[in-house]
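J.: This is the structure I want to talk about, given as structure tokens.
The values are calculated or read from the model by the stated rules, or taken from the named source; none is laboratory data. Worth saying up front: this structure is predicted, and the values here are computed from it rather than measured. In this analysis, Cβ positions are derived from the backbone assuming ideal geometry, glycine residues included, and neighbour counts consider all displayed protein chains. Ligands, DNA and RNA are stripped out before the accessible areas are found, and what is left, the full protein with its side chains, is counted by its heavy atoms. Shrake-Rupley method; radii C 1.70, N 1.55, O 1.52, S 1.80 Å.
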Amino acid sequence: MMKFKDSYLAYLLMYLCYFLSLALFSGLISIYLMDKGYMASQVSFVVSCSFVLSMVFQPFIGYLNDHFAVKKVNGFCLFLSAILGISFIWMTNIYLIALVYSLALALFNGTNPVIERMATFSRFTYGHIRIWGTIGYALGSQIGGLIYQYISPESMYVCFSISLLLCILGIYGTSDIKRSENTQSQHKGSLKDVFLNQQLIMYLLVASLFYGITNINSTYLPAMFQNEGIAVDNVSTIIFFITLSELPIIFFSHKYMDQLTNKQLILGVMSLLMIQFFTYSFVHIQTIQIIVAILTKAVATMTFIMLNMKIVASLVDETHQMTALAIVSTFKNLASILFQSVGGFILDCSSYQTLFTFLLISSIVTFLICCLMKLPKGSEKRLFH
């Protein structure tokens, strides 16, 4: 155990199993529920409930992290999430499904800031650890599809729980976060100072639209492919390759994230969304849809995750950046709830083509807002070197 303590293997196990668990639990949720006979609006209801509870649980788990041992708090949260994952198998009432799914995901999501912090404060390069998260999610998508197709859908959630237990083992093998580092994240200044920043307010609108659009895309893209006649295991293979397309984006971020301006990057990301949804809406050739999904979906999402840190660092002074990032996260959840509700309603009343046309129009509107929005270049921060 002494060799395992603060080893690269501990961080690898933590990140790999954490994101593998996420893929197993939520990656095929739309297919799982719709195969059981639930409508798209009910799927959106379940997913929306998870966002609401995540917003409620996040500050509470943060409070516990500030006052108790970080590893014990997050290990306990993930252990409870693993138990709920097993319980999810026996839920048949839509309200109980929503409750158990939301509780499990809220506990899971509540540990994410600490998982990220552990990687950031480790003696290893953050990118060398973060890459295992991408690999873990890709493997989880592939393994989940195979289990769903050839064993049983319920077995995915058993594997989710096992993977979380391995993640907990990895967490206890990482180095301890010093209390001073854990409490330094307390917000300084007031929220008023942040909300008076007009550029940040405009960016919150853009970020909300982006996260709402991409969240509903992630929820229903697997179901769209299945609706077109692609088997579940093949859908999971597509998601596997979509996720792997993040790898070069992470590895070579230092080559372009600091060199390109915030405006150039955000317009590029929105262009990828428009290309993606135009293809889903009007190009009804499966091969082209799959290729476009692999080349654009995860690339746009991962680039925006990094761009979000860069833009906030450009718009807000250092003492208020944690507050600003928390606000962005809150708006992300609220927008996701709204878009999930609208998306489920559209699918119940119409088709996948109509849904992705709606997302295309939303992306065009967001692109136009980005064109009008004023942003600092953001190159002076050099965050990715």
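J.: Show me, for the stretch 57-65, the HN-Hα J-couplings you get by feeding each phi into the Karplus relation (A = 6.51, B = -1.76, C = 1.60, θ = phi - 60°), rounded to Hz, glycine and proline as x.
T.: With coefficients 6.51, -1.76 and 1.60, one gets 6, 4, x, 5, 5, x, 4, 4, 5 Hz.
J.: With θ taken as phi - 60° and the coefficients 6.51, -1.76 and 1.60, list the Karplus ³J(HN,Hα) couplings across the stretch 271-281 in order, rounded to whole Hz; mark glycine and proline as x.
T.: Values, residue by residue: 5, 5, 5, 5, 4, 4, 6, 4, 5, 4, 7 Hz.
J.: Something else now. Over the Cα atoms of the stretch 208-311, what radius of gyration and what Dmax do you get, in Å?
T.: 14.1, 43
J.: Can you list residues from other chains, or at least 5 along the same chain, whose modelled amide H is less than 5 Å from the amide H of Asp6?
T.: Thr174, Ser175
J.: Given the chain reduced to its alpha-carbon atoms as identical point scatterers, what log10 I(q)/I(0) does the Debye formula return at q = 0.11 Å⁻¹?
T.: Ignoring solvent entirely, the Cα scatterers give -0.79.
J.: What FRET efficiency would be calculated for the residue pair Thr261, Phe60, taking the C-beta separation as r and a Förster radius of 45 Å, to the nearest 0.05?
T.: 0.70
J.: With every atom except the alpha carbons ignored, what do you get for Rg and Dmax of the stretch 228-269, in angstroms?
T.: 15.2, 43
J.: Give a residue-ordered list of calculated ³J(HN,Hα) values for the stretch 149-158 (Karplus: 6.51 cos²θ - 1.76 cosθ + 1.60, θ = phi - 60°; whole Hz; x for Gly, Pro).
T.: 7, 10, 10, 6, x, 5, 5, 4, 7, 5
J.: What number in nm² do you get for the stretch 38-110 if you take the convex hull of its Cα atoms and divide its surface by four? Before the final figure, lay out the partial values.
T.: Values: hull surface 18.2 nm².
Taking the Cα atoms of the stretch 38-110, their convex hull projects to 4.5 nm² on average.
J.: Which three lengths, in whole Å and largest first, does the stretch 253-385 cover when its Cα atoms are put on their principal axes?
T.: Ordered largest first, the stretch 253-385 gives principal extents of 47, 30, 24 Å.
J.: Now, a different point. Name the residue from Ser50, Thr92, Ile305 whose Cα lies farthest towards the positive end of the charge dipole of the chain, charges +1 on Cβ of Lys and Arg and -1 on Cβ of Asp and Glu.
T.: Sorting the options by dipole projection puts first Ile305.
J.: Moving to a separate point now. No other cysteine beta carbon under 4.7 Å away is the test; run it over the chain and list who passes.
T.: Cys49, Cys77, Cys159, Cys349, Cys370, Cys371
J.: Here's another thing I want to ask about it. Cα extents of the stretch 1-132 along the three principal axes, largest first, in whole Å?
T.: Taking max minus min along each principal axis of the Cα atoms, the stretch 1-132 gives 49, 29, 24 Å.
J.: For Phe345 and Glu228 in the same chain, what is the full-extension length gain: residue separation times 0.36 nm, less their Cα-Cα distance, in nm?
T.: Length gained, Phe345 through Glu228: 40.1 nm.
J.: Same structure, new question: Give me the 1.4 Å probe accessible area per residue for the stretch 246-344, excluding ligands and nucleic acids, in Å². Could the numbers behind the result be given before it?
T.: Working: 4010 Å² over 99 residues.
Per residue, the stretch 246-344 has an accessible area of 41 Å².
J.: For labels at Lys377 and Tyr38 in the simple 7 Å Cα→Cβ model, what's the distance in nm?
T.: 5.0 nm
J.: Please get the size of the charge dipole for the chain, origin at its Cα centre, with Cβ charges of +1 on Lys and Arg and -1 on Asp and Glu, quoted in debye to the nearest 20.
T.: 860 debye
J.: If contacts are Cα pairs under 8 angstrom and at least 6 residues apart, what is the relative contact order of the chain in percent?
T.: Reported relative contact order: 27 percent.
J.: Let me know the charge dipole size of the stretch 1-153 about its Cα centre in debye, to the nearest 20, where only the beta-carbon of Lys, Arg (+1) and Asp, Glu (-1) is charged.
T.: The calculated dipole for the stretch 1-153 is roughly 380 debye.
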